[in-house]
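Undergrad: Quick one: the structure is below, and I'll ask about it shortly.
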Amino acid sequence: MKEYDITITETLEKAVSVTANSQEEAEEQVRQGYYNSEYVLDADNFTQVDFKTSEGREPAREDNTIEVLLVKPSEFPQPYQISTELEALQAAVGGDIQVLYPYDDPVGLVCNEEAKLTGLPLNRALRDESGQMYDIIAGDFLVIGLTEDDFSSLTPEQMEKYEKLFHSPEAFLKMAHRVIVLPMDDETVKNAAKDKANDSLKRTQPDRAVL
């Protein structure tokens, strides 16, 4: 979505007759008469309207609102607008936050500090450069841009990169002393989303009496 400025120009015309020694004098008489409200143009003098549209621009946002990536268990990552205020970040992940810095890029992962202790569902595995899993994030988390001293929006390139990295939701199976990670295929994720939407719709609809 973009914002556009539309300039509306209405044209009013009215012909008046004056007696003068020259065209310049006649124009000056009418000009003075107009500014003295001797000649008033109203809706009856309307002749046309014109619309001029500026080039589109991105909507202005509050300075502390940024574009990040929201990653939820069993769901595809989604672009997300959020304030950099602490309360907004806490609300997004459902509790006190901690920030992880597992990548060389200027991005961080904002997650719930007590997600595993409170039993939130496991979300995505973190892997080292060789692809070996070394940790698992539980609960919702944000992929967020970083500046030298604050959070920032992800660039389009970062948004695309980390959407691909976290695109596939993962299922986690605990077997003895190890955890097996199984990526979920797109069709399974889509079907789960449909089931979730249907359940939500049923909860919002009033029960109908059976006659």
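Undergrad: Filter region 93-109 for residues that are farther than 17 Å from G119 by Cα and open to solvent by less than 50 Å² (accessible area, probe 1.4 Å) and give the result.
TA: V99, L100, P102, D105, V107, G108, L109, listed by residue number.
Undergrad: Moving on to the next point. Looking at E163, is it in a helix (DSSP H, G or I), modelled with pLDDT of 95 or more and either open to solvent by 30 Å² or more (accessible area, probe 1.4 Å) or under 17 Å from A88 (Cα atoms) (or both)?
TA: So E163 passes the test.
Undergrad: Name every residue in region 67-86 that is part of a loop (DSSP other than H, G, I, E, B), under 18 Å from F151 (Cα atoms) and open to solvent by less than 80 Å² (accessible area, probe 1.4 Å), in order of residue number.
TA: Listed by number, the list holds a single entry, T84.
Undergrad: If a residue has to be open to solvent by less than 80 Å² (accessible area, probe 1.4 Å) and of a type in the set (D, E) to count, how many in region 1-27 make the cut?
TA: Number satisfying all stated conditions: 3.
Undergrad: Does region 44-66 include one or more residues that are basic (K, R) and farther than 30 Å from I144 by Cβ?
TA: Looking for residues that are basic (K, R) and farther than 30 Å from I144 by Cβ, one finds at least one in region 44-66, hence yes.
Undergrad: Additional query: Would you check which residues across region 46-66 are in a strand (DSSP E or B), at pLDDT 80 or above and more than 11 Å from the chain's Cα centre (by Cα) and list them?
TA: F46, T47, Q48, V49, D50, F51, K52, T53, listed by residue number.
Undergrad: Here's another thing I want to ask about it. Give L117, L89 a once-over and let me know the one that is surrounded by fewer than 12 Cβ atoms within 10 Å (Cβ to Cβ) and over 21 Å from S168 (Cβ atoms).
TA: Testing whether each residue is surrounded by fewer than 12 Cβ atoms within 10 Å (Cβ to Cβ) and over 21 Å from S168 (Cβ atoms) leaves just L117.
Undergrad: Select from region 140-154 the residues that are at pLDDT 95 or above and in a loop (DSSP other than H, G, I, E, B) and write down the one among them that is surrounded by the most Cβ atoms within 10 Å (Cβ to Cβ).
TA: Among those residues, the one meeting the criterion is L154.
The values are calculated or read from the model by the stated rules, or taken from the named source; none is laboratory data. Model, not experiment: these values are computed from the prediction. Please note: Cβ atoms are built from the backbone with ideal geometry, for glycine as well, and neighbour counts cover all protein chains shown. Remember, those area values only see protein heavy atoms, side chains included, never the ligands or the DNA or RNA. Shrake-Rupley method; radii C 1.70, N 1.55, O 1.52, S 1.80 Å.
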